[in-house]
Amino acid sequence: MMKEITGHTRLTGLLGSPVAHSISPMMHNEAFRQLGLDYVYLAFDVGTDKLAAAAEGLRAMNVRGFNLTMPDKNLMCTLCDKLSPAAEIIGAVNTVVNDNGIFTGYTTDGTGYMLAAKDAGHDIIGKKMTLLGAGGAATSVLVQAALDGVSEISVFSIHDEFYTRAERIVSDLNERTDCKVRLFDFDDESILRREIAGSAILTNGTSVGMAPNVNRSIITDPTMFHKDLIVSDVIYNPEETMLLRLAREAGCATFNGLYMLMYQGAEAFKLWTGKDMPIPIIKEKYFTR
């Protein structure tokens, strides 16, 4: 049964381009319906060229808040009045909360990852992580893991356009948190092997192995893994990347990025409504394969 929209209904939504494929409208609207909240969530195809105008329009309409996806996350950071600690360090925003015209920007992707790890039965607080990549997803994981209390993070990146930003973020985290963060060149296999050997969890924060290029793995040598290692991937399509398959065959516990997607949305939902998303219902309806 469709929810009746009234003159009191609060608007939330998603800005980005493209957005037609997003599961977010279904997930959030079902959660609103389950909890009897008078909200609606819509998707709007808005690129960076029109983002400032769209944001001011949403401010004028006093919408409750909205999500950002690519390519809008970085620019939105400059359009907010306030930023969460994670968003400030990363320089990107995927969730905005509007409090009477004051926009506060958050990044919930990293929180989504940490909750997904917990959902998979893993407590990584106080432990060491090896993180592969320094792009958007990897950086969100890096920052939130450091803020949440992961004790040590070894980041491996190629010398691409993200490397300089990674150097700045690593420096910021070492100053602001108790986490010991180090940045390494991905090309040095001996250092990578050493850091993985001392880690409780290995996380692929890159797109290597994502559909349609499913026959690729960022690590191809299974002797890099050890039996007590947890191996995770931010990718959820395919459900089991080649990296995760190799790790599972080596005896490692694994989890993919599907619940990261769900929990980042749940965090945004709570920021807007003050309510917990009904995770068991949302998980069964949209995230069970």
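The values are calculated or read from the model by the stated rules, or taken from the named source; none is laboratory data. Everything numeric here is computed off the predicted structure, so don't read it as measured data. Every residue, glycine as well, gets a Cβ built from its backbone with ideal geometry; the counts of neighbours run over all protein chains shown. Accessible surface is based on the protein model in full, side chains and every heavy atom, while ligands, DNA and RNA are left aside. Shrake-Rupley method; radii C 1.70, N 1.55, O 1.52, S 1.80 Å.
Considering region 76-99 alone, what residues qualify as being more than 24 Å from Ala146 (Cα to Cα), open to solvent by 10 Å² or more (accessible area, probe 1.4 Å) and touching a helix residue (DSSP H, G or I) at 6+ places or on another chain (Cβ under 9 Å)? Passing the criteria: only Leu79.
Once region 257-289 is narrowed to residues that are over 29 Å from Leu202 (Cβ atoms) and in contact (Cβ under 8 Å) with a residue 24 or more places away in the chain, the residue that is surrounded by the most Cβ atoms within 10 Å (Cβ to Cβ) is Phe269.
Tally time: how many residues in region 30-53 are assigned to a helix (DSSP H, G or I) and surrounded by fewer than 18 Cβ atoms within 10 Å (Cβ to Cβ)?
Here the count works out to 8.
Identification of helices (runs of 4 or more DSSP H) wholly contained in region 203-289 with 2 or more residues that are among the small types (Gly, Ala, Ser) yields 258-273. So Glu175 passes all but one of these: (1) open to solvent by 10 Å² or more (accessible area, probe 1.4 Å); (2) modelled with pLDDT of 95 or more; (3) assigned to a loop (DSSP other than H, G, I, E, B). Which condition number does it fail? For Glu175, the exception is condition (3). Residues that are under 15 Å from the mean Cα position of the chain (by Cα), under 22 Å from Ser17 (Cα atoms) and part of a loop (DSSP other than H, G, I, E, B) within region 73-102 comprise Gly91, Ala92, Val93, Asn94, listed in sequence order. Only residues that are among the polar types (S, T, N, Q) and buried (at least 21 other Cβ atoms within 10 Å of the Cβ): list them for region 222-253, please. Once the filter is applied, which keeps residues that are among the polar types (S, T, N, Q) and buried (at least 21 other Cβ atoms within 10 Å of the Cβ), region 222-253 yields Ser232, Thr241. Here Tyr106 passes the criteria (1) open to solvent by 40 Å² or more (accessible area, probe 1.4 Å); (2) aromatic (Phe, Trp, Tyr); (3) over 28 Å from Arg165 (Cα atoms) except the one numbered (3). The set of residues from region 12-29 being open to solvent by 30 Å² or more (accessible area, probe 1.4 Å), in contact with a helix residue (DSSP H, G or I) (Cβ under 8 Å, 6 or more places away or on another chain) and not in a helix (DSSP H, G or I) comprises just one member, Ile23. Taking the criterion of being over 11 Å from Phe103 (Cβ atoms), assigned to a helix (DSSP H, G or I) and aliphatic (A, V, I, L, M), the residues of region 54-72 that qualify are Ala54, Ala60.
The residues listed here are Gly126, Gly112, Gly105; of these, the one that is of a type in the set (Gly, Ala, Ser) and in a loop (DSSP other than H, G, I, E, B) is Gly126.
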